[in-house]
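Before any comments, here is the structure.
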């Protein structure tokens with residue numbers, strides 16, 4: 001039986017800072033730092049997080065500000081590859097785990113690359129049809145990020161429409177997977193630029209909770225597109241998230257640590273809710289239309305860096321809270 005991964009920080013009630021310290025100080029992180037020539041710093045958690053952010057920027061950032069499919073793959077020796085893959089598994093980036101509860105207030109599906117959008121929506125539908133209860137809504141969160149040519153080709157090769165944006169793919173997936181033709185409610189603002197615009201469409205599939213497909217604007221529209229934290233904040237204000245609500249987030253296993261910590265920072269701290277984050281189970285037959293892309297050591301290192309940065313932001317937020 002595989003060893004359980006290093007536990008992630010928890011939301012309300014709980015102590016997120018203690019969870020951050022446990023995760024970033026775990027042996028797999030220390031082993032990676034040593035392998036890439038680093039010396040673990042003296043000092044408190046703030047200093048450790050600063051060091052890890054800077055160190056990972058030098059050694060594990062292969063995107064250089066580009067989107068994930070454009071990241072380069074590092075040339076690593078076999079021993080380093082083995083260490084990276086073992087660390088990724090121990091840190092919770094490889095094996096999916098099922099939800100811990102039978103009932104949640106809301107189920108939130110996070111957007112991503114085109115093929116991932118389809119898989120995550122399908123997995124959410126699978127969970128609901130397998131008996132997961134949601135007392136509020138299913139929120140499918142994305143943005144107006146244009147799809148790359150590679151994403152569009154991947155969708156077409158799977159016999160799916162070549163949609164233009166992330167939220168278009170999410171909307172198409174919801175209609176297809178939940179068997180709905182048109183939204184019962186819709187709203188939005190076309191501000192003439194994707195970083196400023198937003199949209200909301202709510203569907204009501206028979207026998208299931210309402211499904212809202214939301215595209216959020218960027219909180220820094222002059223600099224970048226909307227990111228995960230933007231979409232979570234934008235949704236929470238419209239869904240009336242309340243203290244004590246338990247929220248289930250669905251993403252890919254490789255993104256669970258970083259997107260979980262984003263959700264703690266943007267939802268658990270300000271709203272007092274609990275967060276569980278799960279990755280799509282790749283072995284499910286109804287996801288076979290779009291098998292998961294091959295994940296490389298470079299991808300894992302990149303997302304370990306993403307988790308470190310998300311945990312640093314969470315720790316800063318806890319200190320101010």
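The values are calculated or read from the model by the stated rules, or taken from the named source; none is laboratory data. Because the structure is a prediction, the values reported are computed rather than measured. FYI the Cβ positions are ideal-geometry reconstructions off the backbone, even for glycines, and counts take in every protein chain you see.
For the stretch 235-263: of the residues being in a helix (DSSP H, G or I) and in contact with a strand residue (DSSP E or B) (Cβ under 6 Å, 6 or more places away or on another chain), which is surrounded by the fewest Cβ atoms within 10 Å (Cβ to Cβ)?
235
May I ask you to verify whether residue 96 is without any contact (Cβ under 8 Å) to a residue 40 or more places away in the chain and either within 22 Å of residue 190 (Cα to Cα) or in a loop (DSSP other than H, G, I, E, B) (or both)? Reasoning before the result, please.
Working: without any contact (Cβ under 8 Å) to a residue 40 or more places away in the chain: no; either within 22 Å of residue 190 (Cα to Cα) or in a loop (DSSP other than H, G, I, E, B) (or both): yes.
Against the criterion (without any contact (Cβ under 8 Å) to a residue 40 or more places away in the chain and either within 22 Å of residue 190 (Cα to Cα) or in a loop (DSSP other than H, G, I, E, B) (or both)), residue 96 does not qualify.
What are the pairs, 6+ residues apart or on separate chains, where a residue within the stretch 156-177 that is within 25 Å of residue 129 (Cα to Cα) has its Cβ under 6 Å from a residue that is surrounded by fewer than 16 Cβ atoms within 10 Å (Cβ to Cβ)?
From the stretch 156-177, the pairs are 158/289; 172/161.
Have a look at 19, 11 and point out the one that is farther than 14 Å from residue 305 by Cβ and in contact with a strand residue (DSSP E or B) (Cβ under 7 Å, 6 or more places away or on another chain).
Unique residue meeting the criteria: 11.
Given the structure, is residue 141 in contact with a helix residue (DSSP H, G or I) (Cβ under 7 Å, 6 or more places away or on another chain), over 30 Å from residue 103 (Cα atoms) and either crowded, with 19+ Cβ neighbours inside 10 Å or without any contact (Cβ under 8 Å) to a residue 24 or more places away in the chain (or both)?
No; evaluated as a whole, the condition is false for this residue.
Filter the stretch 28-66 down to the residues that are in contact (Cβ under 8 Å) with a residue 40 or more places away in the chain and over 20 Å from residue 295 (Cβ atoms) and list them by number.
Scanning the stretch 28-66 gives 45, 46, 49, 50, 52, 53, 57.
Which condition number in (1) modelled with pLDDT under 95; (2) surrounded by fewer than 21 Cβ atoms within 10 Å (Cβ to Cβ); (3) out of contact with any strand residue (DSSP E or B) (no Cβ under 9 Å at 6 or more places or on another chain) is the one that residue 131 fails?
Here residue 131 meets the rest and fails (1).
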